[in-house]
1. Hey, which aspartates and glutamates would be in cross-link range of Lys357, C-alpha to C-alpha under 20 Å, not counting anything within fewer than 8 residues on its own chain?
2. Order of 428-440, 455-467, 257-269, 315-327 by packing, highest average Cβ count within 10 Å first?
3. Straight-line reach from Lys481: which lysines have Cα under 18 Å away, leaving out those fewer than 8 places along the same chain?
4. Pairing the Cα long axis of helix 3-23 with the longest principal axis of the chain, what angle in degrees results, from 0 to 90 and rounded to the nearest 10?
5. If you average the alpha carbon positions of the stretch 120-172 and of the stretch 5-22, how far apart do those two centres end up, in angstrom?
6. Mind pulling the angle between the C-alpha long axis of helix 120-152 and the longest principal axis of the chain? Nearest 10 degrees, somewhere in 0 to 90.
7. Quick check on packing: order 358-364, 69-75 by the mean number of other C-beta atoms within 10 Å, highest mean leading.
8. Nearest 10 degrees is fine. How inclined is helix 413-432 to the longest principal axis of the chain, computing both from alpha carbons?
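Bear in mind that the values in this text are calculations on the coordinates, not laboratory data. As the structure is a computational prediction, the values presented were derived from the model and not from experiment. Here the Cβ positions follow ideal geometry from the backbone for every residue, glycine too, while neighbour counts run over all protein chains shown.
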Amino acid sequence: MTASLLMASVGLWFVIGSYISYSSRQRGKIDLADYFLGSRRINGFVSAMTYSATTYSAFMMVGLVGLTYRYGVAALGFELTYLMGTVILLVLFAPRYWIAGRKYDLISPSELLSFRYENKSVGALNSLLCIVMLIPYASVQLIGAGYLVETLSDGSLSYTTGTVIAAIVTFVFCWWAGLRSVARTDALQAVIMFVASLMLVGYLALKLGGGGFHRVLVAERSDLLRLNWSPSFFVGLTLPWAFFAITNPQVVQRLFIPKDCISIRRMIVGFSYFGFFYTVICCILGLMAALMVPGLDLPDNAMPMLLKEVPPAISVVVFVSILAAAVSTMNSIVLTLGNMFGRDLLKACNPGLSEEKELAISKIIIVCLIAACLLFSQLKLDLIVVLSSLASGGLLVQLPSIIGAFFWKKSSAKGALASILVGGITVGFLTVANLKPLGQWPAIWGLLVSSVAFVLISKKTQPPKGAESFLRELKEDLTAKFGF
């Protein structure tokens, strides 16, 4: 694929996305709820598409394809387990987050914890955890974009050029109108991702002889059709992602944005369909790659090498879709982290901070976060890979305090603080030291330690005075609006 074709495709995508982003602006004064939540008036289709695009990063068309290339259908089991867990969690938690956000004027996920536990330190600590865990993960989106551009252009475009392009697009797509522009460009990018994957799998199926693909796979690579993961490997890899929907703030914040109950239902259903078909398609592509480009030492190279087997017209669309997936994930992360930094850290330290100043500072933080991610991506440190693995496990330690906030009236602020702190330290230490006690991954131990700390300390300390009323009012609204 020529460098000029790559740049032309990126340019077209950038122009269309920039127009959507710019036209999403609201006239007049913009407040925090408008910038970070789209005034809580996003319809069901856009909510479903932005949730899908935010959830499914470049990992799907690069990482999951590579994982399937190496392990076969076991990767499909891992990803479908994640999808089922996400849908179940959305059914349970999406209405609760939506009601609480509107009823108490909450904007960030950490702010909900501060409000429920009546302690701003809970939200501040939770925000710090998210920032530490998610900056490396966001940086990996740029790293993926950089390697993709360099590989597909055969070195005509440098790695740095790819990372800078992705960083600039991220900035433009989220700066002008915040969530409004991110949600609408995400809808565009989700459509590109889905259409591109369908085009690619359709072309390759014809190239492999249509229905003959399965016969060739059984004959040549039957090993990929067997489950070959140990239980500890499967649980260690799957558990952190199974709770992704309520432990990753960039997707949790999406639960505040639907305009009504019907939009929430449409968001969940739309995401379910998108997630299922996109997952199956990506895994099929991994199996196809195993037949067409066998013998790769690095499984993540399966997709770039596969794109060299298809016409430029198809490969360039797939290239843009992977870049779009990376950007949609990154701009959602930096938007949410910028909000959490301003709302849950600065505002907690300076309660008198005006909303205008808070928004201005949050926007500056967004720029700083993008710059930090770009810097990390240039270093190409192995530590980035370690920290990315740490992200999913580290964020999992929020789970006890989140579940307790909605379902346990005796849960306390001190229990939540201890849970997040002790669990985060446990995951961090085990991951950096590369330790797996009793063969179990750091995420398992982090969740165990945080759960024990949360329950024991909550039982020995006083719960917030408003805990019962919070849960009672939430239940009343759930019954009235959703029939729960």
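1. Qualifying aspartates and glutamates at Cα under 20 Å: Asp31, Asp34, Asp105, Glu111, Asp344.
2. 315-327, 257-269, 455-467, 428-440
3. Lys103, Lys259
4. That helix lies at roughly 30 degrees to the long axis.
5. If we compute the Cα centre of each part, the gap is 19 Å.
6. 10 degrees
7. Packing proxy ranking, top to bottom: 69-75, 358-364.
8. 30 degrees
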